[in-house]
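Since every read-out is calculated from the coordinates, none of them should be taken as a lab result. Predicted model, so just to flag it, every value in this text is computed and none were measured. Neighbour counts are summed over all protein chains in view; Cβ atoms, including those assigned to glycine, are modelled from backbone coordinates with ideal geometry.
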Amino acid sequence: MGTTAVNMRNLSSASLLRVTRLGYSSQQRFLLLKNTTGFIKHAFAATRIRASSTLLAETKADFVLDDDKKFDCCKNTLACPICYKPLIYNCDSSLSADSPTQPILRCRNCRKAYSGNDTHLDLTINSGSNGNGEALPASTEIFRFPLMSFIYERGYRQVFSIFGFSGPEKEFELMKDYLNPVLGGNIVDASCGSGMFSRLFAKSGLFSHVIALDFSEAMLQQCSEFIEQEEHFPKGKIILVRADISRLPFASGTVDAVHAGAALHCWPSPSVAVAEISRVLRPGGLFVATTYIVDGPFSCIPLLQPLRQKFAQVSGSHVFLSNKELEDLCAACGLVDFKVTRNRMFVMISATKPK
Ligand SMILES: C[S@@+](CC[C@H](N)C(=O)[O-])C[C@H]1O[C@@H](n2cnc3c(N)ncnc32)[C@H](O)[C@@H]1O
């Protein structure tokens, strides 16, 4: 046991007669507190904990979760990205954007702990560590810059209209036909960015729950700010999760629908990502995605194949050269009933996990 100084303001110190257990780091940002009458566990975002008084508390490197306290929403869906076994949730409040406290999750199997901050749960493999400076390709890393998340819905996404993207509302309308068989279920908005579709999904009331997922902390932060700015937003319907598309933190066969808007081409390996999506979809579950295709007049560009390989090496971004490539990608990952809608270079595809 060691000793750690913890600054607190919002803490109700009257109820905290004895702090017996505490886990804290600049990344994990949480406390587990126990009072004399029984376990009361609280989690805090460090950003909310500002100094006015200082409490000295005994610390332990580890902490214990009550196995009977599980997260209610998504409890069968969220899983450890290392071993895909269920996570145990130890917070009394429900796991959603309006939770007053921050959740703490732990893998029942490999015992790894996952923490949240005041905007999202971090369910990446490197959650709680510094990741040893490991960087993903540029097409992933570029979206982690706060400037990128700031400009994304303030002009950047609108530029996609050049390729034939009609904008979130119209794209959502188009998507509804595809989503028909899974309405009422849960939906993962994979690579949600600043959450333009996640927010539409939540507000539409068409899904039981929305998991807004992205690798970029900045994008999730921006998504959270947009949610906060909206009056009467159904916060209880949405959770924000940081995860890598190549290692989805969901149990196999537990997701009704996965949406990926303008993201397939950004993923480090589209085939690994779609295989992961296929793994988490339940039988009959649906994958719907938009991307762009370089074909038609572009097919005349000499050496298009090797050019895209070079482009992928430099940017990490994948260029699709035909509808057929997307169909083959889905089929290779065990998805069937491929459908496609085109508008110039824009393409919306859907495919289903066989029943
Ligand atoms: C062009 S944005 C799409 C945002 C939004 N879905 C839309 O329709 O506009 C691509 C998103 O993919 C995310 N992304 C890139 N690589 C990722 C990865 N390895 N895992 C999860 N998300 C990733 C980026 O952070 C970014 O938010």
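Below is a table of values for the structure above.
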quantity: Positions within the stretch 197-237 being among the acidic types (Asp, Glu) and closer than 19 Å to Ile142 by Cα, in sequence order; calculated: Asp214, Glu217
quantity: Among residues of the stretch 176-196, those that are in contact with a helix residue (DSSP H, G or I) (Cβ under 9 Å, 6 or more places away or on another chain) and either surrounded by 24 or more Cβ atoms within 10 Å (Cβ to Cβ) or farther than 19 Å from Thr77 by Cβ (or both), counted; calculated: 11
quantity: Residue in the stretch 282-317 that is farthest from Met348 (Cα to Cα), counting only those that are of a type in the set (A, V, I, L, M, F, W, C) and without any contact (Cβ under 8 Å) to a residue 24 or more places away in the chain; calculated: Leu303
quantity: Condition met for Ala218 (among the small types (Gly, Ala, Ser) and either in a helix (DSSP H, G or I) or within 9 Å of the ligand (Cβ to nearest atom) (or both)); calculated: yes
quantity: Subset of the stretch 225-247 [within 14 Å of the ligand (Cβ to nearest atom) and under 22 Å from Leu206 (Cβ atoms)]; calculated: Phe226, Leu240, Val241
quantity: Some residue of the stretch 193-212 being polar (S, T, N, Q), within 12 Å of the ligand (Cβ to nearest atom) and in contact (Cβ under 8 Å) with a residue 12 or more places away in the chain; calculated: yes
quantity: The stretch 259-287, subset of a type outside the set (Gly, Ala, Ser) and part of a strand (DSSP E or B), residue farthest from the ligand (Cβ to nearest atom); calculated: Pro283
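Residue-by-condition table, conditions (1) more than 25 Å from Ser115 (Cα to Cα); (2) touching a residue at least 12 places away in the same chain (Cβ under 8 Å):
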position: Gln229; (1), (2): no, no
position: Lys237; (1), (2): no, yes
position: Phe250; (1), (2): no, yes
position: Thr254; (1), (2): no, yes
position: Cys266; (1), (2): yes, yes
position: Ala275; (1), (2): yes, yes
